[in-house]
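Below is one structure; the comments refer to it alone.
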Amino acid sequence: ITSKQPNTGTTIFTVMSKLAADCGALNLSQGFPNFDCSPKLTDLVTHYLKKGMNQYAPMAGIQPFREVIAQKISDAYQINYHPDTEVTIVSGATEALYAAIVAVVHQGDEVILLEPCYDSYAPAVTLNGGTPVYVTLTPENGYKIDWNVVKSKITERTKLIILNTPHNPTGTVLSEDDLTQLAEIVRDTNIFLIGDEVYEHIIFDGREHWSLLRNPILQERSFICGSFGKTFHVTGWKIGYCLAPKALTEEFRKVHQWLTFSTVTPIQYALADFLKEPDNYLSIPKFYQEKRDKFLTCIKDSRFTYTPAHGSFFQCVNYQNITDEGDYDLAIRLTREIGVASIPVSVFYNQKNDYKILRFCFAKDDETLERAGEHLCKL
Ligand code: PMP
Ligand code: GLN
C-alpha cells in the first residue's frame with residue numbers, strides 16, 4: 001500500500017500512555033482524568049440504556065440535546081444558534097475538527113496553524129489537499145500571539161485559521177484583544193475559522209473564556225468545536241458538538257453524515273438532562289483550578305520553572321535547570337527511571353526545536369499528584 005500519510009506514526013499520547021503502563025509509572029502524559037464522572041451522569045446513561053434509547057440518533061443529534069446546548073450558549077453569551085440548523089452533535093471534538101476541515105479545505109488551500117498545536121490539525125489539513133502554514137509561538141514570550149506575524153502569513157490561498165483556547169499544550173487563553181486583532185485581519189476576507197474550545201470550562205483565576213463566537217466578525221465565519229469528554233470527565237465517551245452559522249453547518253453536516261452519520265444515542269439523552277443543571281459545568285473552573293494549584297504545590301520544591309496554566313488541564317514546565325537532554329528523551333527517561341510520564345512539548349511543533357518543556361496533565365486524584373510531585377522534586 002502506498003501510504004497517504006508517510007510521515008504519520010503512532011501519536012505521542014498512545015506512545016507515552018503505553019510506556020507508562022508498561023513501566024507502572026504515574027501517567028501524567030495523555031490528557032484524561034483518573035477519577036470518575038458524577039454518578040448522576042452514569043445513572044442517567046443507565047436509565048436511557050434501559051429505557052431502550054439504543055438505536056440511531058438523528059444525523060444532527062437528538063433535538064433536546066441540541067436545544068439545551070443552544071440555550072446554554074445563549075445564556076452565557078447572548079448569541080443564538082438555531083438548534084435545527086446551527087448545532088450538530090459529533091463523536092468527539094476530533095470528529096468536529098476533521099469534518100470542519102473537510103468541509104472548507106480544497107486542494108491547494110492554505111491553513112494557518114499556530115504551533116505548538118494539537119496533533120490532529122495538520123494531518124487533517126494535508127489529507128484533504130491543504131497546506132499547513134505555521135506561526136510559531138515560543139515559551140520565551142509566554143506563547144503570546146503576534147498578530148502581525150499571523151497577518152504576514154495570509155495569502156490569496158488562505159482558507160482557514162485554526163485557534164485553540166484554552167490551549168493544549170501551553171495552558172494559555174485568548175483575550176478579548178486577541179479576538180479584536182484577529183477580526184481586523186479576517187474582516188474583508190473569505191477566511192474561515194475553527195475555534196477548538198474543548199477546554200471552555202477549564203479556565204482559572206477568574207479569567208473569562210473568549211470564545212470566537214463572542215466577536216461578531218469571527219462568529220459569522222467560525223466552526224466552534226466543544227467536547228463533553230473534557231467538561232464532564234468522560235474522555236472515553238467521545239461526544240461533542242459543533243456550532244456554526246447555517247450555511248457552514250450545511251456543509252459541515254454533509255461531511256458528518258459520511259464520517260459517522262450520528263453519535264451514540266443514550267449518552268445524548270443523558271447529557272441533555274445533565275446540562276439542564278448549570279452547576280454541573282459552572283463548578284468545573286474551581287475544581288480544576290484546585291487541581292492545578294495542588295500540582296503546583298507538589299512541584300514547588302523542584303527545579304522546574306513555570307508560569308501557572310491559565311486554562312486547560314495541562315501544566316507546562318521548563319527543565320533547563322535540571323538537564324540538557326531533549327524533551328522526548330527526557331520524557332521517556334523520567335517514565336522509566338522515576339515513574340512519572342509526561343508529554344514532550346516539541347511534538348506539538350512542526351519546526352524542530354529545543355525549548356526544553358514538558359507537559360503534565362493534572363486531571364488526577366490528589367494522591368497521584370502528590371506521588372508524582374515527590375518523584376519530580378528529587379530531580
Ligand atoms: N482538541 C484539543 C485541543 C484536545 O486537547 C483534544 C483532546 N483530546 C481534542 C481536540 C479532542 O477531543 P475529543 O476527545 O472530544 O475528540
Ligand atoms: N487530548 C489529549 C491530550 O492532549 C489526548 C487525546 C488523544 O489521545 N488523542 O493529551
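Worth pointing out:
- Search result, residues across segment 300-316 that are surrounded by 22 or more Cβ atoms within 10 Å (Cβ to Cβ) and either of a type in the set (Lys, Arg) or not in a loop (DSSP other than H, G, I, E, B) (or both): GLY311, PHE314, GLN315, CYS316
- Meets criteria (within 16 Å of ligand 2 (Cβ to nearest atom), assigned by TED's automatic domain parsing to the domain that holds THR165, under 24 Å from ASN168 (Cα atoms) and in contact with a Phe, Trp or Tyr (Cβ under 7 Å, 6 or more places away or on another chain)) for ILE185: no
- Filter result for the condition that a residue is in contact with a His (Cβ under 7 Å, 6 or more places away or on another chain) and hydrophobic (A, V, I, L, M, F, W, C), over PHE192, PHE228, PHE204, PHE232: PHE204
- Members of segment 317-347 that are within 16 Å of GLN30 (Cβ to Cβ), among the hydroxyl-bearing types (Ser, Thr, Tyr) and not in a helix (DSSP H, G or I): SER342
- Of the criteria (1) over 25 Å from THR165 (Cα atoms); (2) within 16 Å of ligand 2 (Cβ to nearest atom); (3) in contact with a Lys or Arg (Cβ under 9 Å, 6 or more places away or on another chain), which one ASN27 fails: (1)
- Neighbours by Cβ (under 6 Å, 6+ apart or cross-chain): first from segment 92-119, within 25 Å of LYS151 (Cβ to Cβ); second of a type in the set (Phe, Trp, Tyr) and in a loop (DSSP other than H, G, I, E, B): GLU115/TYR349; PRO116/TYR349
- Single residue of segment 348-379 satisfying the filter (among the hydrophobic types (A, V, I, L, M, F, W, C) and part of a loop (DSSP other than H, G, I, E, B)) that is nearest to PHE304 (Cα to Cα): LEU379
- Residue match in segment 315-336 (condition: touching a Gly at 6+ places or on another chain (Cβ under 6 Å) and either assigned by TED's automatic domain parsing to the domain that holds TYR134 or not hydrophobic (A, V, I, L, M, F, W, C) (or both)): no
- Here THR126 meets each of (1) out of contact with any Phe, Trp or Tyr (no Cβ under 6 Å at 6 or more places or on another chain); (2) within 16 Å of ligand 2 (Cβ to nearest atom) with one exception, condition (2).
- For segment 214-266, the set of residues classified as assigned to a helix (DSSP H, G or I) and within 16 Å of ligand 1 (Cβ to nearest atom) consists of PHE228, GLY229, LYS230, THR231, THR235, GLY236, TRP237, PHE252, VAL255, HIS256, LEU259, listed by residue number.
- When VAL198 is tested against (1) in a loop (DSSP other than H, G, I, E, B); (2) more than 26 Å from LYS286 (Cα to Cα); (3) not polar (S, T, N, Q), only condition (2) is not met.
- So THR249, is it over 24 Å from ASP119 (Cβ atoms) and touching a Ser or Thr at 6+ places or on another chain (Cβ under 7 Å): yes
The values are calculated or read from the model by the stated rules, or taken from the named source; none is laboratory data. All values reported here derive from a predicted model rather than from experimental measurement. Note: ideal-geometry Cβ built from the backbone for every residue, glycine included; neighbour counts use all protein chains shown.
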